[in-house]
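Data block below; observations after.
The values are calculated or read from the model by the stated rules, or taken from the named source; none is laboratory data. None of the values given here were measured: they were computed from a predicted structure. As a convention, Cβ positions derive from the backbone with ideal geometry for all residues, glycine included, and neighbour counts pool all protein chains shown. Note: accessible area is taken over every heavy atom of the protein model, side chains too, but ligands, DNA and RNA are not part of it. Shrake-Rupley method; radii C 1.70, N 1.55, O 1.52, S 1.80 Å.
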Amino acid sequence: MDTNQNLAERVKELSCLYEVSSIFQEHDQQDTKSILYKVAQVLKKALRNSVEACVEIETPKHHIKTEEILSDKVSQSSAIFLFKKPSGTIYIHYPTSQFQEVDFLEEEQKLLNKVAYEISIFIEKRELQEKEEWLQRSAQRNDRLAILGEITAGIAHELNTPLGNMLGFAEFIEEQTTDASIRRDSKKIIEAAIFSREVVKKLMFFACEMPQNREHINIKPVVEQALSLLSQSFKKGEVHVKLVAKEDVESQIDSIQLTQVLFNLLINAIYASPPNSTITCSLTQDDDRIYIDIADQGKGIPDKFAKKIFDPFFTTKPVGEGSGLGLSVVHGIIKSHKGTISHSHNTPKGTIFEISIPKQYN
């Protein structure tokens, strides 16, 4: 390579680094995958044999390539480090029919290393920003829940007494009257009062006003009992249920509250499930925690609702079919047991709710 060609190659490399830096700065609001693809395209143009080259970027969350990768190839590579740990690689591939390792330029390897370093810095920055935003949202949500918990506790206590009186008098009227229309109306009052009392109970769960009785118990029979009690609901919804539990699993937990969690999640799963589909309840453990997964084959949770489903009073059900407290109650119970609950997409469709609870409560 003569001096002019060598100079031209160095100019291309410097231009590449400038463009890569500009992409990271000017397109900061774009998604990471689009930005990495632009970087790959810029790097490809800077190579001496750019026409034959294929640039590939692999990270834990993304896989980018400028062309289809040939099976017979020879490659240059550089590691991508995230927080000082190797977490990906950037490659330059050439077809072996035209190139060998001796054709690689030392200067292009240096360029590759610099681009890999820039990618590392960019992804680290993105992850730190996402973590900071998540912490801010979590703190704001906890503040709202604390205030709402105080309000709901007060509401629940105020409603309990009049609801009890309504239910008692309505039952008395139904027993004493011989008038069919009065009995029919009394029954409606009783049903409404029972429904309202259940809402109050959920409010008290949400506000952590229900006492807990944690004991070391075998979780499997509790799950089996919940599935058995809901057998008619499964039958009515034409939904099959399958329990996957290879061994007994023990944890220090309130069995009544665990049943409440299972009921809420399973009833939601039945509501979301099409006829002849299957709801799978899986029970596993490791040395420190137990795991309960409930997977349905419904439509799944739309992305626009994914961050709201544990919020109090949020529901997608028609008016009168849901209070919007079920998943909030579930979240509160699991949190009070120092556990976590999350959800993900099922394959090929549906939703999986994943519960993790420590075996010991300290």
Check: open to solvent by less than 60 Å² (accessible area, probe 1.4 Å) and either under 22 Å from His345 (Cα atoms) or polar (S, T, N, Q) (or both): does that describe Leu262?
Finding: yes
Check: Checking Leu266 against (1) assigned to a helix (DSSP H, G or I); (2) in contact with a Leu (Cβ under 6 Å, 6 or more places away or on another chain); (3) at pLDDT below 85, which test does it fail?
Finding: (3)
Margin query: Restricting to region 214-230, name every residue that is farther than 16 Å from Asp293 by Cα and touching a strand residue (DSSP E or B) at 6+ places or on another chain (Cβ under 9 Å).
Written below: Arg214, Glu215, His216, Ile217, Asn218, Leu230
Notebook entry, point to check: Can you name every residue in region 233-256 that is open to solvent by 100 Å² or more (accessible area, probe 1.4 Å) and in a loop (DSSP other than H, G, I, E, B)?
Noted result: Glu238, Lys246
Notebook entry, point to check: For residues in region 307-362 being in a helix (DSSP H, G or I) and small (Gly, Ala, Ser), which is modelled with the highest pLDDT?
Noted result: Ser336
Check: What number goes with the only condition from (1) more than 14 Å from Asn113 (Cα to Cα); (2) open to solvent by 60 Å² or more (accessible area, probe 1.4 Å); (3) out of contact with any Lys or Arg (no Cβ under 8 Å at 6 or more places or on another chain) that Leu36 does not pass?
Finding: (2)
Next item on the list: Find the strands (runs of 3 or more DSSP E) located wholly in region 36-97 whose residues include 1 or more that are within 12 Å of Glu108 (Cβ to Cβ) and hydrophobic (A, V, I, L, M, F, W, C), and list them.
Entry: 54-58, 85-95
Item checked: Flag for Lys84 being at positive phi and without any contact (Cβ under 8 Å) to a residue 24 or more places away in the chain -> yes
Notebook entry, point to check: Since Ile219 meets every condition but one in (1) at pLDDT 85 or above; (2) under 23 Å from Ile309 (Cα atoms); (3) open to solvent by less than 50 Å² (accessible area, probe 1.4 Å), which condition does it not meet?
Noted result: (2)
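Residue by residue, here is whether (1) charged (D, E, K, R); (2) open to solvent by less than 20 Å² (accessible area, probe 1.4 Å); (3) closer than 25 Å to Val11 by Cα; (4) at pLDDT below 90 holds:
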residue	(1), (2), (3), (4)
Ser50	no, no, yes, yes
Glu58	yes, no, no, no
Lys73	yes, no, no, no
Phe83	no, no, no, yes
Tyr91	no, no, yes, no
Phe104	no, no, yes, yes
Asn113	no, no, yes, no
Ala116	no, yes, yes, no
Ser120	no, yes, yes, no
